[in-house]
Amino acid sequence: MTLADGIEIPDSKLAHEVTEIVRDTASELLFNHSTRVYFWAALTGERKGLKFDPELLYTGAMFHDIGLTERYRESQLRFEVDGANAARDFLRGRGIPEYIDPEVALVQTGAGMDITGRGYDDFTDEQRKAVIAAYPRGKEFEHEIIEAFYQGMKHRPNSTFGTINEDFLAQKDPSFQRLNICSIILGSRWTHCGCHAHTHGR
């Protein structure tokens, strides 16, 4: 499907398999979000004159949030790691090298655009309208995506330590307590072991 400025979802066996897997695994919210991420990423790559593999970019975009789905609700890894592992296993199983730069950077750019509007003005009105018309955000997207992140991470709060993902738990769960690296250092076994080294002068 061509949406904007000639950008299209690759019409290949690999891309069709990716679409089928993510449709079967993710909610419509996450499926549409991930597809939009691909278009924002591809449009950015074209605008910047970057050479990228559309199949690998599509795979990376479609798998990037799959760690938030029910399939991974028992995982204690960071959800981004689950998504990266799923993409890696999918590609390796088909004899394809793992995607690397610039595909990774473009997926990050596309996700930032779709969730927070980062780089919004880098796209034309026509580009934005074309992508949204095909893969709608919905009126409640902002609240729904926050909820999706929360549901995907609430069972593994420690995996959010030191990342922006803590914000999703803090937003949705009033009882959530952020870990503090200073408290961890001050409360470590080293602090109470009585075995601090002493420096002896000569």
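Just so you know, all these numbers are worked out from the coordinates, no wet-lab data involved. Everything quoted here is computed from the prediction, not taken from an experiment. In this analysis, Cβ positions are derived from the backbone assuming ideal geometry, glycine residues included, and neighbour counts consider all displayed protein chains.
The table that follows gives values for the structure above.
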| read-out | value |
| --- | --- |
| Kirkwood hydrodynamic radius of the range 65-116, Cα pairs, Å | 12.1 Å |
| Helix 103-116 vs. the chain, principal-axis angle (Cα, 0 to 90°, nearest 10) | 90 degrees |
| Above-threshold pairs, the threshold being 28 Å between Cα atoms, out of Lys139/Lys172; Lys48/Lys139; Lys51/Lys172; Lys48/Lys129 | Lys48/Lys139; Lys51/Lys172 |
| Fully extended contour minus Cα-Cα distance, from Glu142 to Thr124, at 0.36 nm per residue | 4.3 nm |
| Sites Asp89 and Lys154, calculated FRET efficiency, Cβ-Cβ separation with R0 25 Å, nearest 0.05 | 0.50 |
| Label corresponding to P(r) over Cα pairs in 10 Å bins from 0, in percent when calculated from the structure given, among (i) 8, 36, 40, 13, 2, 1, 0; (ii) 8, 31, 31, 16, 7, 5, 2, 0; (iii) 9, 33, 35, 18, 5, 0 | (ii) |
| Sequence ranges 129-135, 158-164, ranked by mean other-Cβ count within 10 angstrom, highest first | 129-135, 158-164 |
| MRE, 222 nm, helices only [DSSP H, n ≥ 4, -39500 (n - 2.57), over the chain, to nearest 500] | -16500 deg cm²/dmol |
| Residue-span extension gain [Leu77 to Lys48] - 0.36 nm each, minus C-alpha spacing | 7.1 nm |
| Relative compactness, the range 1-120, computed as alpha-carbon Rg over 2.2 N^0.38 Å | 0.99 |
| Karplus-derived HN-Hα couplings along the range 180-190 (A = 6.51, B = -1.76, C = 1.60, θ = phi - 60°), whole Hz, x at Gly and Pro | 10, 4, 5, 5, 5, 5, 5, x, 6, 4, 4 |
